[in-house]
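See structure below.
The values are calculated or read from the model by the stated rules, or taken from the named source; none is laboratory data. Predicted model, so just to flag it, every value in this text is computed and none were measured. Methodologically, a virtual Cβ is constructed for each residue, glycine included, from the backbone with ideal geometry; neighbour enumeration extends over all protein chains shown. When the accessible area is computed, the model is the full protein with side chains, heavy atoms only, and any ligands, DNA or RNA have been set aside. Shrake-Rupley method; radii C 1.70, N 1.55, O 1.52, S 1.80 Å.
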Amino acid sequence: MATEEINILPESYPMVGGDGPYSYAKHSTFSGGIVDATKGMVFAGIAEKLDLKSLGVYSSSTFQIADLGCSIGPNAFTAVQNIIETVEQKHLEAENQNHSTLEFQVFFNDHSNNDFNTLFKTLSPDRKYFASGVPGSFHNRLFPKSSLHIVHSSTALHWLSKVPKEITDSKSPAWNKGSIHCTGFVKEVATAYSAQFSNDFESFFNARAEEIVPGGLMLILIAIRPDGIPMSKNLEGIHYDFLGSCLYDLAKMGLISEEKVDSFNLPIYYPSLEEFETLIKRDANFSIERKNVFTNPLMHKAYCAEFWAGLLRAALESVFQQHFGSPHVVDQMFKYYSRELEQNISFIMEGKTHDRIELCIILKRN
């Protein structure tokens, strides 16, 4: 296959917007479980590590928070509310119970083609903050220097800014023919994905180092792999492998070309715990103040095939749409995937030998 035939993926991959049957709004419960599970961790971390006095935050100040990768909001609203309640309590204690009011400005960020209309339509009218939308990639600068007190990002950093070029080149040892993601079994492919994640991670941290005030906090929630476990042994990897096999089945049926499937790769990478911590420790601008590894409390519920198919479609439809083009083809693909998943759900879940784990990490800007 000639490399010039490859359809290069764009830089943004928004969740399905609106409130339709395939929207992220209808399929965000699983990610919401992560936000709910970390409420106590966030409360303790902010209470212990945020020094309002050193930040110059007083009753007349505006406390500025950014949520990066907000999508259309359900879980971002919960995360922001948890942060605000904690900061309010800390401010109240610092002001010696005089009930002075601290104003909050919250910036919701995602790519420019995110469904910001749905985001702002569903904002609570009783919210205790002023809200603004900030379009753009969080791999770049988004805010003025030293303007943010807390940055939050949940289940977003596994998205890469682009697919590594080497894995789409049929002449490269890293050509990822036969797979649509980083299984972890081909060294060259794993190296290419890891290098892309490292570059994106560095860009993300360099940008935040400029934007967060000294002493400010960054709260990151990200799914990671247990050390030494390849992606294909994790829950997402098992689903991605099965999705890839469905794509090749569709190619055999003549609905899409095999060359088109060969050139498709997910712009997603889940680092190992050791890999992620090594990258953080390499950055001199932030110090690790608190970290917790945990399992999503919703992980062990017995979900049906329809649940998993809906979750994947809400997250990945735009990626498939950009690569395969026709909405009809994408719709047929997910219908086929859902049907095949229904017939194989027991086999797939029984083959899951290692649950995905989550990392909640709180960093302080030095």
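Structure above, values below:
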{"item": "Accessible solvent surface per residue of the stretch 52-149, calculated while the other protein chains remain in place, 1.4 angstrom probe, Å²", "result": "48"}
{"item": "17 Å Cα cut-off, lysine pairs counted over the stretch 148-234 (separation 8 or more, or different chains)", "result": "5"}
{"item": "Computed log₁₀ I(q)/I(0) - Debye formula, equal Cα scatterers, no solvent, the stretch 104-247, q 0.16, 0.20 Å⁻¹", "result": "-1.00, -1.24"}
{"item": "Selection from F104, S132, N199, by position along the positive dipole direction of the stretch 79-238 (Cβ)", "result": "N199"}
{"item": "Fraction of accessible area attributable to carbon and sulfur, the stretch 259-366 (%, probe 1.4 Å)", "result": "49"}
{"item": "Packing-based ranking, highest mean first, of 210-220, 164-174 given that Cβ atoms within 10 Å are counted", "result": "210-220, 164-174"}
{"item": "Shape call, the chain: gyration tensor on alpha carbons, a/c limit 1.5", "result": "prolate"}
{"item": "In order through the stretch 160-177: 3J(HN,Hα) via Karplus (6.51 cos²θ - 1.76 cosθ + 1.60), integer Hz, x for Gly, Pro", "result": "7, 6, 6, 6, x, 4, 4, 6, 9, 9, 5, 8, 8, x, 8, 4, 9, 4"}
{"item": "1.4 Å probe accessible area per residue over the stretch 272-366, in Å²", "result": "48"}
